[in-house]
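Engineer: After the structure tokens below, expect a handful of questions from me.
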Amino acid sequence: AAAPGARVQVEVGTLDPRLKLAPCDEIQPYVPANARLWGRSRIGLRCAKGTTRWNVYLPITVKVFAPAVVAARALPAGAVLEQADLAQAEVDLAEDPSPALRQTQPALGRALEAQMDALEPETVLAER
């Protein structure tokens, strides 16, 4: 489920142009088993009514934008986080498999394991 107040954006990819699919009177979209509609994923399309049945996968990217905790300034590894070190920025929560921190309180007093650049979405603080 998306975070409260999140903005969801879905980008639909394209099928391989080399595919030669038979005409179809009824195409059924479906979510493949074990697929997560989060980040890079795929949906299935199958021909349910046509002279030749076929099944293909269409790449999609689901982006979920919401506020998360980021570094307010560049911080070295080992820095102990204080309120002044942190800021909120809109980031793509689906870009990283680690859940992003949405509030600053859990981060305060923690030491960084690696350096962080300022206000960069790829340096979102993650829950651990």
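Engineer: How do the peptides 83-92, 8-17 rank, highest first, by the average count of neighbouring beta carbon atoms within 10 Å per residue?
Structural biologist: The most tightly packed comes first, giving 83-92, 8-17.
Engineer: For TRP54, what is the net charge nearby, where nearby means another residue's Cβ is under 11 Å from its Cβ and Lys, Arg count +1, Asp, Glu -1?
Structural biologist: So the surrounding residues net to +3.
Engineer: Would you mind getting me the FRET efficiency between ARG73 and GLN9? Use the beta-carbon distance for r and R0 = 25 Å, nearest 0.05.
Structural biologist: 0.30
Engineer: For the range 1-76, with every protein chain kept in place, what is the accessible area per residue (1.4 Å probe, Å²)?
Structural biologist: 67 Å²
Engineer: Another one. FRET efficiency for ALA33 and GLN88, Cβ-Cβ distance as r, R0 = 41 Å, nearest 0.05?
Structural biologist: Efficiency, rounded to the nearest 0.05: 0.65.
Engineer: For the range 83-96, in order, what is each residue's ³J(HN,Hα) by Karplus, 6.51 cos²θ - 1.76 cosθ + 1.60 with θ = phi - 60°, in whole Hz (x at glycine and Pro)?
Structural biologist: Values, residue by residue: 3, 5, 7, 10, 8, 9, 8, 6, 10, 8, 5, 7, 6, 10 Hz.
Engineer: Now, a different point. Rounding to the nearest 20 debye, state how big the charge dipole of the range 35-126 is about its Cα centre with +1 on each Lys and Arg Cβ and -1 on each Asp and Glu Cβ.
Structural biologist: 960 debye
Engineer: Next question, about the same structure. Ranked by accessible surface with a 1.4 Å probe, highest first, in what order do TYR30, TYR57 come?
Structural biologist: TYR57, TYR30
Engineer: At 1.4 Å probe size, with the rest of the protein present, what percent of the exposed accessible area of the chain is carbon and sulfur atoms?
Structural biologist: Roughly 52 percent of what the probe reaches on the chain is carbon or sulfur.
Engineer: Taking the C-alpha atoms of the range 10-90, how large are the radius of gyration and the largest Cα-Cα span, Dmax, in Å?
Structural biologist: When restricted to the Cα atoms of the range 10-90, Rg and Dmax are 21.4, 65 Å.
Engineer: Now a separate question. Would you please give the FRET efficiency between ASP117 and TRP54, computed as 1/(1 + (r/R0)^6) with r the Cβ-Cβ distance and R0 = 41 Å, to the nearest 0.05?
Structural biologist: So the FRET efficiency works out to roughly 0.35.
Engineer: Heavy atoms only, probe 1.4 angstrom, no DNA, RNA or ligands counted: give me LEU37, LEU108, LEU45, LEU101 ranked by accessible area, highest first.
Structural biologist: Ranking LEU37, LEU108, LEU45, LEU101 by accessible area, largest first, yields LEU37, LEU108, LEU45, LEU101.
Engineer: Using +1 at the Cβ of each Lys and Arg and -1 at the Cβ of each Asp and Glu in the chain, identify which of ALA71, LEU37, THR52 lies farthest towards the dipole's positive end.
Structural biologist: The residue sitting most towards the positive pole is THR52.
Engineer: Can you list the HN-Hα couplings for the range 61-78, worked out from phi with the Karplus curve (6.51, -1.76, 1.60; θ = phi - 60°), rounded to whole Hz and with x for Gly and Pro?
Structural biologist: 10, 9, 10, 10, 9, 7, x, 8, 7, 10, 6, 6, 8, 4, 10, x, 4, x
Engineer: Quick query: amide H of ARG40 versus all other amide H atoms, modeled in the peptide plane; which residues come in under 5 Å with a sequence gap of 5 or more or a different chain?
Structural biologist: VAL62
Engineer: Assuming 1.002 mPa s and 20 °C, estimate D for the range 53-112 with Stokes-Einstein, Rh taken as the Kirkwood radius over Cα pairs, in µm²/s.
Structural biologist: 157 µm²/s
The values are calculated or read from the model by the stated rules, or taken from the named source; none is laboratory data. Predicted, not measured: the structure shown is a model, and the values here were computed from it. Neighbour counts run over all protein chains shown; Cβ positions are idealised from the backbone, glycine included. Side chains are part of the model used for accessible areas, which takes the heavy atoms of the whole protein and leaves out ligands, DNA and RNA. Shrake-Rupley method; radii C 1.70, N 1.55, O 1.52, S 1.80 Å.
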